[in-house]
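Novice: Can you keep this structure in mind? I'll have questions shortly.
All of the numbers you see were taken from the coordinates with simple rules; none came from a lab. Values in this document were obtained by computation on a predicted structure and should not be read as measured data. Virtual Cβ from ideal backbone geometry, glycine too; neighbours counted across all protein chains shown.
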Amino acid sequence: MKAIITGISGQDGYFLSQLLLSKGYEVHGILRRNSSMTQGTLDLLPENIRKQIIIHYGDITDGNFLSNLLQKEKPEELYHLAAQSFVGYSFQNALSTYDANIGGTLNVCNAIKDASPDTRMYFAATSELFGQPKETPQNEMTPFFPRSPYAVSKLAGIWTVRTYRDAYKLYMSNGILFNHESEVRGPEFVTRKISQAVAKIANGSHDPIVLGNLSAVKDWGYAKDYVDGMWRMLQQDYPDDFVLGTGESHTVREFAEAAFRIIGETVEWRGSGINEVGLSGDGKTLVKVSKEFFRPLESDNYKADYSKAKKKLRWEPETKFKDLVRIMVESDLRKLK
Ligand code: GDD
């Protein structure tokens, strides 16, 4: 079996490439050249694993590149993970987000249709499509109401995939994944920002963590569990759309509390809104709030109903919220040793 992963240098590419290699796949990854020649999470893989991955340098915004690659490789599976995936950034850079996430997805769909129609495709859709849902929990039938340029781009993406699936009878499945995090999560995302800062504080730093909306409610799971769900989506008789999540909701505030608990600190919250602070038992400021990290519109109130994936894919998240926080903080503590 041969699989191509777009976005292989991200968090999910890190776990998915290892999963596929363990199943005996020939794994190919698409990588954008950058001037510093860093390779994201690929650089974090053990050498013996990294050298098994066949890298193709190119960009998903280049349709010719994708068509030629698909024509040549004709993989059984393609996991389209590449995206501008930071929601906050999409408010400042909507057009480049649309170019990568809408144009890139259209290019992948066209390349499959024209050059390799037997390839099964997974598309990384997102819980952000729900915006601020009124119904709880959310499943595949919950209406979409995007509230960021990122989410708008993913709405175009999911509907492009559905349209190509129906019009050209292609095997293309959408994963509507709720937040999934890990020890290799990018530091711009709130969970890793917290785990890294907590590890520094445990090592003597006096800098508090400066955050935005502490009350945002998300459904956080472990990315390693979710890539197994992606793979299962491509092993079905028919393509379909699936929600993956944990069914557990937590605020950013609770994530921070759980992270500090790992290093033996109990956070006491004082004040509200922009003036809220989290204090340690001996009165040290551990958490502060700044307007800088608020978004023009928030998307939250998330809690996944993953019963369809449980029934059809036999998928369930294995890692609980508390364990996820522990994995992340302990990993960042080890890195500082
Ligand atoms: N990044 C960040 N930094 N977020 C903060 C901060 C902060 O300092 N303070 C509070 N937040 C809140 C955000 O407002 C948001 O509600 C929540 O923390 C999570 O933000 P992120 O970690 O940036 O992730 P996200 O939920 O916006 O999006 C992630 O998950 C989606 C669902 O799977 C990304 O991975 C998306 O690409 C993905 O689609």
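Novice: In nm, to one decimal, how far is the modelled label at M37 from the one at F91, with both set 7 Å along Cα→Cβ?
Specialist: Spacing of the two 7 Å Cα→Cβ label points: 3.8 nm.
Novice: Turning to a different aspect of this structure: Where the convex hull is taken over the Cα atoms of segment 6-64, what is its projected area averaged over directions, in nm²?
Specialist: On the way: hull surface 17.0 nm².
Spelled out: convex hull of the Cα atoms, projected over all directions, averaged, 4.3 nm².
Novice: Springs between alpha-carbon atoms under 10 Å, Gaussian network over the chain: tell me which of E128, E257, E268 tops the mean-square fluctuations.
Specialist: E268
Novice: Still on this structure, I have one more. Can you give the Rg and Dmax of the chain based on its C-alpha atoms, in angstrom?
Specialist: Values for the chain (Cα only, Rg and Dmax): 20.0, 65 Å.
Novice: Here's something else I'd like to know. Stick to Cα atoms and the Kirkwood definition of Rh, then tell me Rg/Rh for segment 135-176.
Specialist: Values: Rg = 11.7 Å, Rh = 11.5 Å.
With Rh from the inverse mean 1/r over Cα pairs, Rg/Rh is 1.02.
Novice: Okay, moving on. Taking the Cα atoms of segment 220-261 alone, what are Rg (to one decimal) and Dmax (as a whole number) in Å?
Specialist: 14.6, 45
Novice: Per q in 0.11 Å⁻¹, report the Debye log10 I(q)/I(0) for segment 1-102, using one uniform scatterer on each alpha carbon and no solvent.
Specialist: Listed by q, the Debye log ratios stand at -0.34.
Novice: If you count the DSSP beta bridges with both ends in the chain, what percent of them are antiparallel, to the nearest 5? Walk me through the numbers on the way to the answer.
Specialist: On the way: 7 of 40 bridges.
In the chain, DSSP labels about 20 percent of beta bridges as antiparallel.
Novice: On to the next question. Please order T38, T319 by the number of other Cβ within 10 Å, starting at the fewest. It would help to have the intermediate numbers written out before the result.
Specialist: Details: T38 9, T319 20.
Ascending number of Cβ neighbours within 10 Å: T38, T319.
Novice: Give me I5, I274 ranked fewest to most by other Cβ atoms within 10 Å of their Cβ, as a rough exposure proxy.
Specialist: I274, I5
Novice: Can you flag which of K154/K312; K134/K200; K134/K312; K310/K335 are past 29 Å Cα-Cα?
Specialist: On the way: K154/K312 24 Å; K134/K200 38 Å; K134/K312 26 Å; K310/K335 35 Å.
Violating the 29 Å limit, Cα to Cα: K134/K200; K310/K335.
Novice: Next up: Kirkwood hydrodynamic radius, segment 42-188, all distinct C-alpha pairs: what's the number in Å?
Specialist: Numbers: mean 1/r = 0.0607 Å⁻¹.
Roughly 16.5 Å, rounded to one decimal.
Novice: Once amide H atoms are built 1.01 Å from N in the peptide plane, which residues 5 or more positions from L177, or in another chain, come under 5 Å H to H?
Specialist: Close amide H contacts, sequence-distant or interchain: A125, T126, S127, L244.
Novice: So what is the relative contact order for segment 136-290, in percent, with contacts set as C-alpha pairs under 8 Å and at least six apart? Present the calculation step by step, with values, prior to reporting the outcome.
Specialist: On the way: 194 pairs, mean separation 37.5, N = 155.
Contact order relative to length: 24 percent.
Novice: Moving on. Taking just the C-alpha trace of segment 159-239, give me its Rg and Dmax in Å.
Specialist: Considering segment 159-239 through its Cα atoms, Rg and Dmax are 18.5, 59 Å.
Novice: For segment 182-272, which chymotrypsin sites (Phe, Trp or Tyr not before Pro) pass both filters: DSSP loop (anything but H, G, I, E, B) and at most 13 other C-beta atoms within 10 Å?
Specialist: Here no chymotrypsin sites (Phe, Trp or Tyr not before Pro) fit, given the DSSP loop and packing criteria.
Novice: Further, regarding this structure: I need L44, L66 ordered by Cβ neighbour count within 10 Å, fewest first. Write down the numbers at each step before the final one.
Specialist: Details: L44 13, L66 28.
The fewest-first ordering by Cβ neighbours comes to L44, L66.
Novice: Given a cut-off of under 8 Å on Cα pairs at least six residues apart, what relative contact order in percent is computed for segment 73-205? List each step's numbers first, then the result.
Specialist: Working: 168 pairs, mean separation 37.4, N = 133.
Result for segment 73-205 is 28 percent.
Novice: Percent relative contact order of the chain, based on C-alpha pairs within less than 8 angstrom and at least six residues apart? If you can, show how the numbers build up before the last one.
Specialist: Working: 676 pairs, mean separation 59.4, N = 337.
About 18 percent, as a whole number.
Novice: P(r) of segment 59-128 in 5 Å steps, Cα pairs, percent per bin?
Specialist: Using 5 Å bins, I get a P(r) of 4, 18, 26, 23, 14, 9, 6, 1 for segment 59-128.
Novice: Let me ask something else about it. When the expected Rg is taken as 2.2 N^0.38 Å, what fraction or multiple of it is the alpha-carbon Rg of segment 290-337?
Specialist: Details: Rg = 16.7 Å, N = 48, 2.2 N^0.38 = 9.6 Å.
It is 1.74.
Novice: Shifting gears a bit: Mind checking the log10 I(q)/I(0) for segment 243-337 at q = 0.12, 0.17, 0.18 Å⁻¹? Debye, one equal scatterer per Cα, no solvent, two decimals.
Specialist: Listed by q, the Debye log ratios stand at -0.55, -0.95, -1.01.
Novice: Roughly what % antiparallel, to the nearest 5, for the DSSP beta bridges in segment 182-337? Provide the component values of the computation, followed by the final result.
Specialist: Working: 7 of 10 bridges.
Within segment 182-337, antiparallel bridges account for around 70 percent of the total.
Novice: Return the loop-located trypsin sites (Lys or Arg not before Pro) in segment 228-285 (DSSP other than H, G, I, E, B) with at most 13 other Cβ atoms within 10 Å of their own Cβ; answer none if there are none. Working shown, then result.
Specialist: Working: sites: R232, R253, R261, R270, K284; in loops: K284.
Answer in residue order: K284.
Novice: May I pose another question? Do any trypsin sites (Lys or Arg not before Pro) in segment 33-68 lie in a DSSP loop with no more than 16 other beta carbon atoms within 10 Å, and if so, which?
Specialist: Values: sites: R33, R50, K51; in loops: R33, K51.
Answer in residue order: R33, K51.
Novice: Ignoring everything except DSSP H segments at least 4 long, calculate the 222 nm mean residue ellipticity for the chain; use -39,500 (n - 2.57) per segment, divide by total residues, nearest 500.
Specialist: Numbers: 11 runs with 121 residues, N = 337.
Mean residue ellipticity at 222 nm (helix-derived): -11000 deg cm²/dmol.
Novice: Continuing with this model, one more query. Just to be sure I follow: if Rg is taken over the C-alpha atoms of segment 175-306 and Rh is the Kirkwood radius over the same atoms, what is Rg/Rh?
Specialist: Working: Rg = 16.9 Å, Rh = 16.2 Å.
Rounded to two decimals, Rg over Rh is 1.04.
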